[in-house]
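Student: Can you keep this structure in mind? I'll have questions shortly.
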Amino acid sequence: MKLADIEIPWMEAVVDKLRQRFDTAILSVEQAYDFPNIVIAKQSLMDVLDFLKNDPDMGFTFLTTLCGMHMPEQKGQEFGMVYQLHNLPKNRRLRLKIFMPEGDLNVPTATTLWPTANWMERQEYDFFGFNFVGHPDLRRILNMDEMNYHPMRKQYPLEDLGKHDKDDAKFGR
Amino acid sequence: MTENQTILTPEKEYVTLNLGPTHPATHGIFQNILKMDGEIIVSTEPTIGYIHRAFEKLAEHRPYNQIAPITDRMNYCSAPINNMGWHMTVEKLIGCEVPKRAQYMRVIIMELARIADHIICDSVIGVDTGALSGFLYIFQEREHIYEIFEEVCGARLTTNTGRIGGMERDFSPKAWEKLEYFVKHFPEKLHEFESLLLRNRIFMDRTINVGPISAERALAYGFTGPNLRAAGVDYDVRVMNPYSGYEDFQFDIPVGTNGDTYDRFMVRLEEMKQSLSIIKQAMKNMPDGPIHADVPAFYLPPKEEVYSKMEALIYQFKIVMGEMDVPKGEVYHAVEGGNGELGFYLVSDGGRTPFRLHLRRPCFIYYQAYPEMIQGAMLSDAILTMSSMNVIAGELDA
């Protein structure tokens, strides 16, 4: 069985309900392997998260993880945030995505809904530079406080620029 | 007569205590700046990141098969679970079905790792209450597990075992022998260990109602694994989203009620027994057949074929140089690690390295509840709470 052919029986109902409620804020829906991927407009992020968490029919009460993305080629939508929610009793998982341009990295904080978002958001601030509006303690977490850039952005190389021994050209790539 | 009023200490009389970064009682490099009123903890300010090694960034610059050794270094007490989690993530992405024999071998290795992980945590809880002897007895069993790992893959701690598509080699007769010896003798040794602590008055007084967390708070803080189960929520990835053939095995999920240190200890103790039962079932029902899927583009060909067959040589070269054709896509795969749901969120753009790899590290997520759990507790209880949460610095900092 190819995992890509997996059917998610509840996906349609949940997406329908989201569309009814938020209409144009739901930008696109697709299935990536065993997860529904729902792209939403940034300004309705909190409403959607709140609805998914607190609506009794939805019940996505568990925030599995959240992470940032940097896609420099995607002009106007260089940065993205990914939220993974889990409905534990029914074992449903879904993924929410928002995209934003490089100039506007303000994202409303999810700490109001889940205290666990605190360190997760600090991590994404540390590595990508998202500004989580309303976060109680937005400081770097894994890197040192003196660092003046956000190292997971694609423009920063892994090693220092003086090294050329691993250049792709040397391997015929 | 008026009731005794609690006398509040003025804030300027609080003592600031640096617990860490390198403190022998914390079993790892964490700093906690405690504000103390006498021996009572008023507030805690954890600082982490002392062994941050940028795994997520490293992964963006490494071919898929070279990321497995990175995962070893996360929860190094149960490295094989991390390895297998990564292999399964890539297998999910490339749509590869692993043969049953390899799945069962993985299950054996993962459950052994879980036992080793829980041995460390449980015996260290004992050590932190002052009971050193249990630790000394049970660590012999951990040594036996590491000897099995050594026989299976050549390494003990950072195993890098398994490959994308299956296992790198079959268990040797010696490995089976050691496994059988372990399965036969472990219950007796575990009983010896638990009888030292289980109903020990001092141990119970030190652990019951120490560092408790309710199920609601635990879920809000994103707890998973034994710590969540100790609070009474029966969430186990092995049961909810079975992987690697876990649906074939019969086992129970132990749950606690109070979410305190004693419950965490007990849940881990019971999980060791369940893991042992899974290992026995896997050994008994071990199917015959290949130990890896037919994915020549990902799985290294045998050396003798590399020297004699053109095709094998090409594949060997491509894999070693990290030129694997990985489809575009994004997958999330979670395994039940020693500490909870260990998730890999992998985004591939079809290139030779992942476009983005996000690691959901259970330790990192639940350690943020630590200040709340030890607020108002004594310093010695704070140490105990930390060891019972099994905070592993490698996983915390990635």
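Read-outs: derived from the displayed coordinates by stated rules, not from any lab. This structure is a prediction, so every number in the text was calculated from the model and none was measured. Cβ placement follows ideal geometry from the backbone for every residue including glycine, while neighbour counts extend to all protein chains displayed.
Student: Using the Cβ atoms and a cut-off under 12 Å, what net charge is assigned to the surroundings of B:ALA155, where Lys and Arg are +1 and Asp and Glu are -1? Kindly include the intermediate steps, with their values, before the conclusion.
Tutor: On the way: positive: B:ARG156; negative: B:ASP72, B:GLU147, B:GLU150, B:GLU151, B:GLU168.
With Lys, Arg at +1 and Asp, Glu at -1, the net is -4.
Student: Please report how far the C-alpha centroid of segment A:30-61 lies from that of segment B:168-215, rounded to the nearest whole angstrom.
Tutor: Cα centres, segment A:30-61 to segment B:168-215: 41 Å.
Student: Between B:LYS280 and B:LYS189, what's the calculated FRET efficiency when r is the beta-carbon distance and R0 is 22 Å? Round to 0.05.
Tutor: Values: r = 16 Å, r/R0 = 0.72.
Efficiency computed from Cβ-Cβ geometry: 0.90.
Student: A further question follows. Which loop trypsin sites (Lys or Arg not before Pro) in segment B:149-241, with loop taken from DSSP, have no more than 13 other Cβ atoms within 10 angstrom of their Cβ?
Tutor: B:ARG199
Student: If you don't mind, there's one more thing I want to ask. Residue by residue through segment A:120-137, what is 3J(HN,Hα) from phi via Karplus (6.51 cos²θ - 1.76 cosθ + 1.60, θ = phi - 60°)? Round to whole Hz and write x for glycine and proline.
Tutor: Values per residue, Gly and Pro as x: 4, 6, 4, 5, 6, 5, 4, 8, 10, x, 5, 9, 7, 6, x, 5, x, 7 Hz.
Student: Take every Cα-Cα distance within chain B, group them into 10 Å bins from 0 onward, and report for each bin the whole-number percent of pairs it holds.
Tutor: Reading the bins upward from 0: 5, 22, 31, 23, 12, 5, 2, 0, 0, 0.
Student: If you don't mind, there's one more thing I want to ask. Let me check I've understood the local charge: for B:GLY259, count other residues with C-beta under 11 angstrom from its C-beta, Lys and Arg +1, Asp and Glu -1. What total comes out?
Tutor: 0
Student: Can I ask one more? In 20 Å bins starting at 0, how do the alpha-carbon pair distances of the protein assembly as shown split up by percent?
Tutor: Result returned by the calculation: 20, 54, 25, 2, 0.
Student: What would the Debye formula give as log10 I(q)/I(0) at q = 0.20, 0.26, 0.29 Å⁻¹ for the alpha-carbon point model of segment B:251-304, no solvent?
Tutor: -0.77, -0.98, -1.07
Student: Something else: Give the longest segment of chain B that steers clear of GluC sites (Glu not before Pro) in DSSP loops with at most 12 neighbouring Cβ atoms within 10 Å, not counting the sites themselves.
Tutor: It runs B:40-398.
Student: Rounded to the nearest 500, what is the protein assembly as shown's calculated 222 nm mean residue ellipticity when only DSSP H runs of at least 4 contribute -39500 (n - 2.57) each, over all residues?
Tutor: Helix-only estimate at 222 nm: -12000 deg cm²/dmol.
Student: Once you place label points 7 Å from the Cα toward the Cβ at B:LYS12 and B:VAL320, how far apart are they in nm?
Tutor: 7.2
Student: Right, next: How many angstrom lie between the Cα centre of segment B:31-100 and the Cα centre of segment B:341-398?
Tutor: Centre-to-centre distance over Cα atoms comes out at 7 Å.
Student: Okay, next question. For chain B, with a Gaussian network of springs between Cα atoms less than 10 Å apart, report the residue from B:THR89, B:THR158, B:THR47 with the top mean-square fluctuation.
Tutor: B:THR47
Student: Let me ask another. Counting just the Cα atoms, what span does segment B:1-159 cover along each of its three principal axes? Round to the nearest Å and put the largest first.
Tutor: 77, 40, 31
Student: With viscosity set to 1.306 mPa s at 10 °C, what whole-number translational diffusion coefficient in µm²/s follows for segment B:101-144 from Stokes-Einstein and a Kirkwood radius over Cα pairs?
Tutor: For the chosen part, D equals 142 µm²/s.
Student: Under 22 Å Cα to Cα from B:LYS328, which lysines show up? Leave out anything in the same chain fewer than 8 places away.
Tutor: Once the sequence-local lysines are set aside, what remains near B:LYS328 is A:LYS2, A:LYS75, A:LYS97, A:LYS154, B:LYS57, B:LYS92, B:LYS318.
Student: Also, quick follow-up: Give the aspartates and glutamates whose C-alpha is closer than 15 Å to that of B:LYS12, dropping any in the same chain fewer than 8 places away, or say none.
Tutor: Answer for B:LYS12, where 15 Å is the Cα cut-off: B:ASP37, listed by chain and number.
Student: Could I ask something else about it? Would you compute the Debye intensity of chain A from its alpha-carbon atoms alone, equal scatterers and no solvent, and pass along log10 I(q)/I(0) at q = 0.08 Å⁻¹ to two decimals?
Tutor: -0.30
Student: Expressed as a rounded percentage, what relative contact order does segment B:228-289 have, with Cα pairs under 8 Å and six or more residues apart?
Tutor: 36
Student: Continuing with this model, one more query. Using DSSP to call loops (not H, G, I, E or B), can you name the GluC sites (Glu not before Pro) in segment A:58-165 whose Cβ has at most 14 other Cβ atoms within 10 angstrom?
Tutor: A:GLU73, A:GLU102, A:GLU146, A:GLU159
Student: Using a cut-off of 9 Å between beta-carbons, work out the net charge of the residues near B:ALA398 (Lys and Arg +1, Asp and Glu -1, B:ALA398 not included).
Tutor: Numbers: positive: B:ARG53, B:ARG73, B:ARG361; negative: B:GLU56, B:GLU395, B:ASP397.
The answer is 0.
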